[in-house]
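Scroll down for the structure; my scribbles are underneath it.
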Amino acid sequence: LLTLVKSNGEYMLAKLVEDWARQSVARGAITAGQVHDQIGSFYASYLFMLDSLSLVLQALVVSRFIKYLGVGTALLLVPVVALLDASAILLWPLLAVVKVGKMVENATLYSLNNTVVNMLWLPTSRSDKYQAKQAIDTFFVRLGGAISAGTVFIMAQVLGWPVRAFAVCNLLLGVGWLWLVRAILRERTRLPQDSSRPR
């Protein structure tokens, strides 16, 4: 679900950046030959701000957030941010809105979520860490990417749906993601007892 939401969000951003560049050509602000430079300049600025925000969150916020609010709250925060991002895009499908939303969502994913997801493996058995974690980190993440590619192809290329349709899709996925996080947190309370048994 995380991979699907993230990939759909990246498509929405790319689509709006492409539309913005085409509109700039139509207005005469840039020439057709400058489109690649304008898109490159946008992504250079976007990625610099994203990486800077991720660094600040990782260095100054993540440990304190987990210490004071706990792993459960930290794990719930990312799908909530994704839901807010999708809601904002649904209401205002503008490049500035998507840029800020994706920046906050991705920075939270790269810093807080990556830390918390790895913390979930701490009470599990060695077998779980070496087998289940590898399956999730490889197969299921790649499966999410493949499903997202298929979703984008069908929704954008075959059906020609607009960015708002992807926002609705991410809203639905975000609700499912929240439900799954709650199920993970319920299961997590049982893990210390279960992990003590031989496997």
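The values are calculated or read from the model by the stated rules, or taken from the named source; none is laboratory data. Quantities reported herein were computed from a predicted structural model and do not represent experimental measurements. Cβ atoms come from the backbone with ideal geometry, glycine included; neighbour counts cover every protein chain shown. Note: areas computed on protein heavy atoms with side chains; ligands, DNA, RNA excluded. Shrake-Rupley method; radii C 1.70, N 1.55, O 1.52, S 1.80 Å.
Answer with yes or no whether residue 51 is acidic (Asp, Glu) and either open to solvent by 50 Å² or more (accessible area, probe 1.4 Å) or free of Cβ contacts under 8 Å to residues at least 60 places away in the same chain (or both).
Details: acidic (Asp, Glu): yes; either open to solvent by 50 Å² or more (accessible area, probe 1.4 Å) or free of Cβ contacts under 8 Å to residues at least 60 places away in the same chain (or both): yes.
Considered against the rule, which asks whether it is acidic (Asp, Glu) and either open to solvent by 50 Å² or more (accessible area, probe 1.4 Å) or free of Cβ contacts under 8 Å to residues at least 60 places away in the same chain (or both), residue 51 comes out as yes.
Mind listing whichever residues of region 154-168 are in a helix (DSSP H, G or I) and either touching a His at 6+ places or on another chain (Cβ under 7 Å) or closer than 19 Å to residue 17 by Cβ (or both)? Lay out the reasoning, then the answer.
Of the residues in region 154-168, the ones in a helix (DSSP H, G or I) are 154-158, 163-168.
Listed by number, the residues that qualify are 155, 156, 157, 163, 164, 165, 166, 167.
Consider region 3-17. How many of its residues are more than 9 Å from the chain's Cα centre (by Cα) and open to solvent by 10 Å² or more (accessible area, probe 1.4 Å)?
At the first step, the residues of region 3-17 found to be more than 9 Å from the chain's Cα centre (by Cα) are 11-17.
Keeping just the survivors that are open to solvent by 10 Å² or more (accessible area, probe 1.4 Å) gives 11, 14-16.
Number satisfying all stated conditions: 4.
Might you check whether a residue that is open to solvent by less than 10 Å² (accessible area, probe 1.4 Å), more than 20 Å from the chain's Cα centre (by Cα) and more than 24 Å from residue 177 (Cβ to Cβ) occurs anywhere in region 19-29?
Of the residues in region 19-29, the ones open to solvent by less than 10 Å² (accessible area, probe 1.4 Å) are 21, 24.
Retained after the next criterion (residues that are more than 20 Å from the chain's Cα centre (by Cα)): 21, 24.
Those still in the list that are more than 24 Å from residue 177 (Cβ to Cβ) too: 21, 24.
The answer is yes, given that some residue of region 19-29 is open to solvent by less than 10 Å² (accessible area, probe 1.4 Å), more than 20 Å from the chain's Cα centre (by Cα) and more than 24 Å from residue 177 (Cβ to Cβ).
Could you look through region 73-101, keep only residues that are part of a helix (DSSP H, G or I) and farther than 19 Å from residue 178 by Cβ, and pick out the one that is farthest from the chain's Cα centre (by Cα)?
Filtering region 73-101 down to residues part of a helix (DSSP H, G or I) leaves 73-91, 95-101.
Next cut, farther than 19 Å from residue 178 by Cβ only: 91, 95-100.
Numbers: 91: 19, 95: 17, 96: 17, 97: 15, 98: 13, 99: 13, 100: 13 Å.
Across region 73-101, the extreme among qualifying residues is 91.
Filter region 125-139 for residues that are polar (S, T, N, Q) and more than 15 Å from residue 2 (Cβ to Cβ); which is least open to solvent (accessible area, probe 1.4 Å)? Break it down into steps so the answer makes sense when it comes.
Narrowing region 125-139 to residues polar (S, T, N, Q): 125, 127, 131, 134, 138.
Then drop every residue that is not more than 15 Å from residue 2 (Cβ to Cβ), which leaves 125, 127, 131, 134.
Details: 125: 18, 127: 49, 131: 128, 134: 94 Å².
The selected residue is 125.
Based on this model, can you work out whether residue 160 counts as surrounded by 14 or more Cβ atoms within 10 Å (Cβ to Cβ), small (Gly, Ala, Ser) and at pLDDT 85 or above?
Details: surrounded by 14 or more Cβ atoms within 10 Å (Cβ to Cβ): no; small (Gly, Ala, Ser): yes; at pLDDT 85 or above: yes.
Here the answer is no, as residue 160 does not meet what is asked.
Output yes when any residue across region 30-39 is open to solvent by less than 50 Å² (accessible area, probe 1.4 Å) and either in contact with a Ser or Thr (Cβ under 7 Å, 6 or more places away or on another chain) or farther than 28 Å from residue 165 by Cα (or both), and no when none is.
For region 30-39, residues open to solvent by less than 50 Å² (accessible area, probe 1.4 Å) and either in contact with a Ser or Thr (Cβ under 7 Å, 6 or more places away or on another chain) or farther than 28 Å from residue 165 by Cα (or both): present.
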